[in-house]
Amino acid sequence: HKRIETASKLKKFYSALSQAVKLAEVEQGIPSNEWESTTNMQVWYDYIQKYLPLGKQVNIVDDFSGYIYPFNDGTGIIVYSSPCFNTSHKGYMIDVNGEKGPNKAGRDRFVFCVIVNSDNNTKNPVYGATSRLYYSSPTREELLQDCKTNPYQCSAFIMNDGWEIKSDYPYKL
């Protein structure tokens, strides 16, 4: 049950973030790969935030210093300062149970990246966090290894498996 619930929340978050980026592209008249920005926070405030149904921001202090914005379904988006693998890509993390614990990557926290300031002109500028997806077409085994090595990269593995968390998933949810 927990695997199905987590995968469903990840898919919903990915869809909401993708929609927000697309709406911002239309309103701004600029594709996300041409957005001018230097930080995750700037992209968040300038382009994405107003297109998501968010509650009031809460400061978090743990592995990431940043903000968590709650959604109505109990999840939350964490806006933090580090970029995704490529410095022009901006990372946003979902915490599938909001401020509740365990607050661990691969268990209740997963990263998705937004392509900005890039030569990559893709139809979908949001992807699961792994450098492999941007630079190559990884196998399932490579994505599983990435997830085991760096649990913040598990979103790509789950996406690749059709938004399903299968029995070989390396972490207990």
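Run the 1.4 Å probe and let me know the accessible area of Tyr127, rounded to the nearest 10 Å².
Using a 1.4 Å probe on the heavy atoms, I get roughly 20 Å².
Considering Cα pairs under 8 angstrom that are at least six residues apart, work out the relative contact order of the chain and quote it in whole percent.
22
Restricting to DSSP H runs of at least four residues, report the calculated mean residue ellipticity at 222 nm for the chain, -39500 (n - 2.57) per run over all residues, nearest 500 deg cm²/dmol.
Numbers: 5 runs with 53 residues, N = 173.
One gets -9000 deg cm²/dmol as the mean residue ellipticity at 222 nm.
Among the GluC sites (Glu not before Pro) in the stretch 4-54, which ones are in a DSSP loop with at most 15 other Cβ atoms within 10 Å of the Cβ? Mind listing them?
Numbers: sites: Glu5, Glu25, Glu27, Glu34, Glu36; in loops: Glu36.
Listed in order of number, the matching sites are Glu36.
Roughly how many Å² of Ser18 are accessible to a 1.4 Å probe, to the nearest 10?
10
Given H placed on each backbone N at 1.01 Å, which residues far from Trp35 in sequence or on other chains put an amide H within less than 5 Å of it?
For Trp35, the qualifying residues are Asn117.
Each label point is 7 Å from the Cα along the Cα-to-Cβ direction; what then is the distance between the points at Lys148 and Asp168, in nm?
Between Lys148 and Asp168, the label points sit 0.9 nm apart.
Strictly over 31 Å apart at the Cα level, which of Lys11/Lys100; Lys50/Lys172; Lys56/Lys166 would you flag in this model?
Numbers: Lys11/Lys100 20 Å; Lys50/Lys172 34 Å; Lys56/Lys166 34 Å.
Cα-Cα > 31 Å for Lys50/Lys172; Lys56/Lys166; rest within.
Based on the Cα atoms of the stretch 18-118, what semi-axes does the equivalent ellipsoid have, where each is the square root of 5 times one gyration tensor eigenvalue, given in whole Å with the largest first? Please report the intermediate quantities before stating the final value.
Details: eigenvalues 106, 46, 24 Å².
The three semi-axes for the stretch 18-118 are 23, 15, 11 Å.
Over its Cα atoms, what ratio of radius of gyration to 2.2 N^0.38 Å does the chain give?
Taking N as the residue count of the chain, the ratio is 0.96.
The values are calculated or read from the model by the stated rules, or taken from the named source; none is laboratory data. These figures come from a predicted structure and were not determined experimentally. Counting neighbours? That spans all protein chains shown, and the Cβs are built from the backbone with ideal geometry, glycine included. Ligands, DNA and RNA are excluded from the accessible area calculation, which covers all protein heavy atoms including side chains. Shrake-Rupley method; radii C 1.70, N 1.55, O 1.52, S 1.80 Å.
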